[in-house]
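*Asks:* The structure that follows is given in the form of structure tokens.
The values are calculated or read from the model by the stated rules, or taken from the named source; none is laboratory data. Just so it is clear, the model here is predicted, and its values are computed rather than measured. When we count neighbours, we look across all protein chains shown, and the Cβ atoms used for this are built from the backbone with ideal geometry, even at glycine.
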Amino acid sequence: MYDPGLQPERTELAWRRTALAIAVGSLISLRILPLVLPAGAGAWGLAPGAIGLGTACLLWFAARRRQRRVTAVLTGAAAGLPPGGGLLLVLTVFGTGFGVVALALVAIALGANSPV
């Protein structure tokens with residue numbers, strides 16, 4: 001039996017807040033990284049921000065789609081199991097990739113500033 005509580009809506013709002021936080025962090029990185037990196041690596045400073053904005057957009061729309069699917073399954077309008085942890089997997093892959101790119105950019109910046 002379906003409980004008409006707001007759990008699917010609260011979950012969607014939590015995912016949207018996560019997407020918004022990723023978008024804000026990505027916009028900040030678009031503004032700061034090209035200024036911090038050496039002249040030759042300035043274009044690479046745009047990559048984490050662009051990837052982050054794309055991921056934030058995907059998470060935003062995926063959260064809404066997930067909420068609709070969960071509500072349909074819980075109300076009996078659709079058959080099957082509720083959606084699994086796909087959003088969590090996407091967020092984990094994004095976080096790991098963003099961290100690796102950020103570490104590489106920091107290594108480039110430190111390598112350019114060190115005396116040879």
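*Asks:* Here is a list: VAL101, VAL70. Which entry is aliphatic (A, V, I, L, M), at pLDDT below 85 and over 19 Å from LEU6 (Cα atoms)?
*Replies:* VAL101
*Asks:* Now, a different point. Without any contact (Cβ under 8 Å) to a residue 12 or more places away in the chain and either part of a helix (DSSP H, G or I) or among the aliphatic types (A, V, I, L, M) (or both): does that describe ARG65?
*Replies:* yes
*Asks:* Of the numbered conditions (1) at pLDDT 75 or above; (2) of a type in the set (Phe, Trp, Tyr); (3) in a loop (DSSP other than H, G, I, E, B), TRP60 satisfies every one except a single condition; which is it?
*Replies:* Single failed check for TRP60: (3).
*Asks:* Also, quick follow-up: Is there any pair with a first residue in segment 7-18 that is aromatic (Phe, Trp, Tyr) and a second that is surrounded by 15 or more Cβ atoms within 10 Å (Cβ to Cβ) and in a helix (DSSP H, G or I) whose Cβ atoms are under 7 Å apart and which are 6 or more apart or on different chains, and what are they?
*Replies:* Hits for this filter: TRP15/LEU59; TRP15/ALA63; TRP15/LEU87.
Table: residues versus (1) under 18 Å from TRP60 (Cα atoms); (2) modelled with pLDDT of 80 or more.
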position: TYR2; (1), (2): no, no
position: LEU6; (1), (2): no, no
position: THR11; (1), (2): yes, yes
position: ARG16; (1), (2): yes, yes
position: ALA19; (1), (2): yes, yes
position: GLY25; (1), (2): yes, yes
position: LEU30; (1), (2): no, yes
position: PRO38; (1), (2): no, no
position: ALA41; (1), (2): no, no
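*Asks:* Follow-up question, since we're still on this one. Looking only at segment 35-53, which residues are under 14 Å from PHE94 (Cα atoms) and surrounded by 14 or more Cβ atoms within 10 Å (Cβ to Cβ)?
*Replies:* Residues satisfying the conditions are ALA47, PRO48, GLY49, ILE51, GLY52, LEU53.
*Asks:* Follow-up. Looking at (1) within 14 Å of the chain's Cα centre (by Cα); (2) closer than 25 Å to GLU12 by Cα, which is the only condition ARG68 fails?
*Replies:* Every listed condition holds for ARG68 apart from (1).
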